[in-house]
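The values are calculated or read from the model by the stated rules, or taken from the named source; none is laboratory data. The model shown is predicted, which means the values in this text are computed figures rather than measured ones. A quick note on method: Cβ atoms are made from the backbone with ideal geometry, for glycine too, and the neighbour counts reach across all protein chains shown. Accessible surface is based on the protein model in full, side chains and every heavy atom, while ligands, DNA and RNA are left aside. Shrake-Rupley method; radii C 1.70, N 1.55, O 1.52, S 1.80 Å.
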Amino acid sequence: MNLHSTACNCAFLLLAIAIATASPPSDAPAIAHAVDEHYNHLHTLQAEFTEVYHGAGMERTESGTLWLKKPGKMRWEYRSPTEKLFLGDGKDAWFYLPGDRQVRKTSMRKLDDLRSPLGFLLGKTRLEKELQGLSLAPDVPPLSPGDQVLRGVPAAMAERVSQVLLEVTPGRQIVRITMQETDGSTTEYRFTSQKENVAVDEQRFRFTPPAGVEIIDGDLVQ
């Protein structure tokens, strides 16, 4: 099974935007603008994540900690049910299962993984540009009362992903991302304990293969 079916790209996570008006924005463009403004001022982000995959007659739930840092660095540290590491250092992406004799490596520019759109959360692009046909999704129930759900199609992955759902809190924090693929599978991320602009050591985004571990260049597969 390849990496992008194990996890999802994707990512999108918190915000707390100060709105000048008495009530929060209620239309998709205004919400998207508030999200963009918030993330443009972020340098780092840390969150606990739960990832749930449905597809091919199976369900898989995994959890761990995510770190993001400008420019374009990410670290997905899975702890349950199995330890594994997905790391992007801004140039290369690595996938490693502790104890394996091999580590997978590929250029982040070539990365076809559902996590990669998370880069926009650190101010790399705009939500309306990233997601085509962005609109409210009143037919999708939110996890918490008062949250709003947006839907759109990721421009760079339209052939593979049929739609993305983002759940946004009244404080403009993204707490859930659901990606529905054209093959019928679904990957959902839920984010909690989010911390913005915390100190994150650069060492977290560097991977040094353990002694005796072979580096395999190419697609990130497991």
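Quick one: how many residues across the stretch 136-169 are of a type outside the set (A, V, I, L, M, F, W, C), under 26 Å from HIS41 (Cβ atoms) and surrounded by 13 or more Cβ atoms within 10 Å (Cβ to Cβ)?
The qualifying residues number 8.
Scan the stretch 135-147 and tell me whether some residue there is closer than 30 Å to LYS110 by Cβ and of a type in the set (Asp, Glu).
Looking through the stretch 135-147, none of the residues is closer than 30 Å to LYS110 by Cβ and of a type in the set (Asp, Glu).
Give me the pairs, please: first residue somewhere in the stretch 22-41 and within 14 Å of GLU167 (Cβ to Cβ), second residue anywhere and modelled with pLDDT under 80 and in a helix (DSSP H, G or I), beta-carbon distance under 9 Å, and either six or more positions apart or on two chains.
Partner pairs satisfying both residue conditions: VAL35/LEU121.
What pairs come out if I take residues in the stretch 137-148 that are modelled with pLDDT under 95 and pair them with residues that are assigned to a loop (DSSP other than H, G, I, E, B) and surrounded by 10 or more Cβ atoms within 10 Å (Cβ to Cβ) whose C-beta lies under 6 Å away, six or more apart or interchain?
Within 6 Å, the pairs are GLY146/PRO170; ASP147/THR169.
Please enumerate the residues belonging to the stretch 170-222 that are open to solvent by 30 Å² or more (accessible area, probe 1.4 Å) and aromatic (Phe, Trp, Tyr).
PHE207
If a residue must be open to solvent by less than 10 Å² (accessible area, probe 1.4 Å) and modelled with pLDDT of 90 or more, how many such residues does the stretch 96-128 contain?
Looking only at that region, the number is 1.
Can you tell me how many residues within the stretch 39-64 are at pLDDT below 90, open to solvent by 20 Å² or more (accessible area, probe 1.4 Å) and not in a loop (DSSP other than H, G, I, E, B)?
Here the count works out to 1.
If you go through the stretch 72-98, how many residues are at negative phi and within 15 Å of the chain's Cα centre (by Cα)?
11
Please determine, by comparing only the residues of the stretch 170-222 that are modelled with pLDDT of 90 or more and basic (Lys, Arg), which one is nearest to LEU45 (Cα to Cα).
Taking the candidates together, the pick is LYS195.
Show the residue pairs meeting these rules: Cβ distance below 6 Å; 6+ apart or different chains; first residue within the stretch 80-94 and over 17 Å from GLY218 (Cβ atoms); second residue open to solvent by less than 30 Å² (accessible area, probe 1.4 Å) and in a loop (DSSP other than H, G, I, E, B).
Qualifying pairs under 6 Å: GLY90/GLY72.
Which of the numbered conditions does PHE205 fail, given that it passes all the others? Conditions: (1) closer than 20 Å to ALA93 by Cα; (2) over 17 Å from the mean Cα position of the chain (by Cα).
PHE205 satisfies every listed condition except (2).
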